[in-house]
Amino acid sequence: SQGNDLLVLRETAHDFGKIQQGRPTTHAFLVENKARDTLQIQNVQASCGCTTPVWSREPVAPGRSSEINVGYNASAEGPFEKTVTIFYNGGQIKTLTIKGSVYKMPTTPAPLNTTVQLFKQTNTNL
């Protein structure tokens with residue numbers, strides 16, 4: 001029922017792509033009220049603690065829009081896909097998905113080190 005939808009999402013999923021481990025990242029999902037009634041977002045729940053949604057408790061008037069900021073704290077290495085559930089107007093539900101891949105930063109400038117190690121080893125053998 002288009003034109004009567006209280007909560008219209010411009011996008012239901014976001015791909016963060018490659019993100020660095022330990023560096024939190026956020027994405028704003030735009031929420032639009034296309035109905036004649038006021039939209040009230042009651043709760044936004046993430047599927048895990050590493051995802052922190054932030055949203056306005058203010059009602060969204062007809063024709064107006066609001067944002068749900070979804071933060072992801074990339075603590076674990078590898079690919080991830082998390083869901084965020086929006087509860088609004090007395091138990092109605094919509095779901096957002098965020099995904100991406102977390103990579104680990106080398107703690108040292110990598111390529112240089114290995115050659116130094118190799119050189120030391122060769123030297124001790126002489």
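With the condition kept exactly as written, say whether any residue in region 47-57 is part of a loop (DSSP other than H, G, I, E, B), surrounded by fewer than 16 Cβ atoms within 10 Å (Cβ to Cβ) and among the β-branched types (Val, Ile, Thr).
For region 47-57, residues part of a loop (DSSP other than H, G, I, E, B), surrounded by fewer than 16 Cβ atoms within 10 Å (Cβ to Cβ) and among the β-branched types (Val, Ile, Thr): absent.
Got at least one residue in region 23-41 being in a strand (DSSP E or B), modelled with pLDDT of 95 or more, open to solvent by less than 80 Å² (accessible area, probe 1.4 Å) and among the acidic types (Asp, Glu)?
The initial filter retains those residues of region 23-41 that are in a strand (DSSP E or B), namely 25-32, 39, 41.
Retained after the next criterion (residues that are modelled with pLDDT of 95 or more): 26-32, 39, 41.
Next cut, open to solvent by less than 80 Å² (accessible area, probe 1.4 Å) only: 27-32, 39, 41.
Within this subset, residues satisfying the condition of being among the acidic types (Asp, Glu) are 32.
For region 23-41, residues in a strand (DSSP E or B), modelled with pLDDT of 95 or more, open to solvent by less than 80 Å² (accessible area, probe 1.4 Å) and among the acidic types (Asp, Glu): present.
Looking at the structure I just gave you, is residue 44 open to solvent by less than 70 Å² (accessible area, probe 1.4 Å), more than 12 Å from residue 97 (Cα to Cα) and in contact with a Phe, Trp or Tyr (Cβ under 7 Å, 6 or more places away or on another chain)?
Details: open to solvent by less than 70 Å² (accessible area, probe 1.4 Å): yes; more than 12 Å from residue 97 (Cα to Cα): yes; in contact with a Phe, Trp or Tyr (Cβ under 7 Å, 6 or more places away or on another chain): yes.
So residue 44 passes the test.
Checking residue 56 against (1) among the polar types (S, T, N, Q); (2) under 30 Å from residue 107 (Cβ atoms); (3) free of Cβ contacts under 8 Å to residues at least 24 places away in the same chain, which test does it fail?
(2)
Please determine, by comparing only the residues of region 59-77 that are part of a loop (DSSP other than H, G, I, E, B) and at pLDDT 95 or above, which one is most open to solvent (accessible area, probe 1.4 Å). Full working, then the answer.
Going through region 59-77, the residues part of a loop (DSSP other than H, G, I, E, B) turn out to be 59, 61-64, 73-77.
Pick out the ones that are also at pLDDT 95 or above and you get 59, 61-64.
Numbers: 59: 72, 61: 44, 62: 58, 63: 68, 64: 151 Å².
So, considering only residues that are part of a loop (DSSP other than H, G, I, E, B) and at pLDDT 95 or above, the one most open to solvent (accessible area, probe 1.4 Å) is 64.
Being surrounded by 17 or more Cβ atoms within 10 Å (Cβ to Cβ) and farther than 30 Å from residue 106 by Cβ is the filter here, so list the residues in region 78-93 that pass it. Give the derivation first.
Here is the first cut: in region 78-93, the residues surrounded by 17 or more Cβ atoms within 10 Å (Cβ to Cβ) are 80, 84, 86, 88.
If the condition is that a residue be surrounded by 17 or more Cβ atoms within 10 Å (Cβ to Cβ) and farther than 30 Å from residue 106 by Cβ, then 84, 86, 88 are the ones that fit.
Could you go through region 79-99 and let me know if any residue there is among the small types (Gly, Ala, Ser) and part of a strand (DSSP E or B). Outline the logic, then answer.
The first filter runs over region 79-99 and keeps only residues among the small types (Gly, Ala, Ser), leaving 90-91.
With the extra rule that they be part of a strand (DSSP E or B), the set shrinks to none.
No, region 79-99 contains no residue that is among the small types (Gly, Ala, Ser) and part of a strand (DSSP E or B).
Cβ-Cβ under 8 Å, sequence separation 6+ or interchain: first residue in region 5-17 and closer than 13 Å to residue 97 by Cα, partner part of a loop (DSSP other than H, G, I, E, B) and not aromatic (Phe, Trp, Tyr). Which pairs?
Between residues of region 5-17 that are closer than 13 Å to residue 97 by Cα and residues that are part of a loop (DSSP other than H, G, I, E, B) and not aromatic (Phe, Trp, Tyr), there is no close pair.
The values are calculated or read from the model by the stated rules, or taken from the named source; none is laboratory data. Since this is a predicted model, take the numbers as computed values, not measurements. We place every Cβ from the backbone using ideal geometry, glycine too, and count neighbours over all the protein chains shown. Just so you know, the surface numbers come from the protein's heavy atoms only, side chains and all, with ligands and any DNA or RNA stripped out. Shrake-Rupley method; radii C 1.70, N 1.55, O 1.52, S 1.80 Å.
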